[in-house]
């Protein structure tokens, strides 16, 4: 089974490999990277950016994908329109992890480094809660230095900064959601130090894609 994942930053590829190794090791994972998807993103999805992502989704299907996943959180809205363009399962970065967060709530901590990601994450969390008939209480944590820290200090820096934010949120939440795929590299460390469960978007996506393809 071939699962193709679409990325906007290179840092999200290792967490995807880690997540599939943990949750869906039998999948053949192909990673497609277009860094311009983030470089050209200016806090909103333009028609050109939507078309570019839709074209990438079609490219993945044409190259033998049995399922497609998005690892770039700000492009999650494209799934709603693009799902009718392909005949294989298509999963956004938000869908699976939001369902797990709502089930673990109601107090959900959200960590993001991009304002647009935070805005979209809260929107999809509330949408999932509404569809599930549940009340949700988001607690938002915008840490805009996280990507810079990860690039400058690597794994150790990412773990340190995310631990700081998780521990700040923990007294007031039932679960913490790492809304960006690149943060999942710190999951094993955070599970050791956090007093509440921590959810990783790629791990949730890997579990969901495994169910869809089984």
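Looking across segment 52-69 at every residue that is in a helix (DSSP H, G or I) and touching a strand residue (DSSP E or B) at 6+ places or on another chain (Cβ under 9 Å), the one that is farthest from residue 37 (Cα to Cα) is identified as 61.
From 90, 85, which residue is closer than 29 Å to residue 40 by Cβ, surrounded by 20 or more Cβ atoms within 10 Å (Cβ to Cβ) and in contact with a helix residue (DSSP H, G or I) (Cβ under 7 Å, 6 or more places away or on another chain)? Steps first, answer last, please.
Details: 85 fails: surrounded by 20 or more Cβ atoms within 10 Å (Cβ to Cβ).
Answer to the check: 90.
Scanning segment 15-28 for residues that are within 19 Å of residue 180 (Cα to Cα) and either in contact (Cβ under 8 Å) with a residue 24 or more places away in the chain or touching a helix residue (DSSP H, G or I) at 6+ places or on another chain (Cβ under 7 Å) (or both) turns up 15, 16, 18, 19, 20, 22, 23.
Just one of 151, 161 is part of a helix (DSSP H, G or I) and surrounded by 21 or more Cβ atoms within 10 Å (Cβ to Cβ); which is it?
Matching residue, one of 151, 161: 161.
Evaluated against (1) within 21 Å of residue 212 (Cα to Cα); (2) in a helix (DSSP H, G or I); (3) over 18 Å from the mean Cα position of the chain (by Cα), residue 49 falls short on exactly one condition, (1). All of 126, 119 fail the test of being surrounded by fewer than 21 Cβ atoms within 10 Å (Cβ to Cβ), in a helix (DSSP H, G or I) and touching a strand residue (DSSP E or B) at 6+ places or on another chain (Cβ under 8 Å), apart from 126. Looking across segment 181-197, the residues that are in contact with a strand residue (DSSP E or B) (Cβ under 8 Å, 6 or more places away or on another chain), over 13 Å from residue 19 (Cβ atoms) and either in a helix (DSSP H, G or I) or assigned by TED's automatic domain parsing to the domain that holds residue 11 (or both) come down to 190, 191.
The values are calculated or read from the model by the stated rules, or taken from the named source; none is laboratory data. Treat the numbers as computed from the prediction; the structure is a model and nothing was measured. All Cβ positions, even for glycine, are placed from backbone atoms using ideal geometry, and neighbour counts span all protein chains on display.
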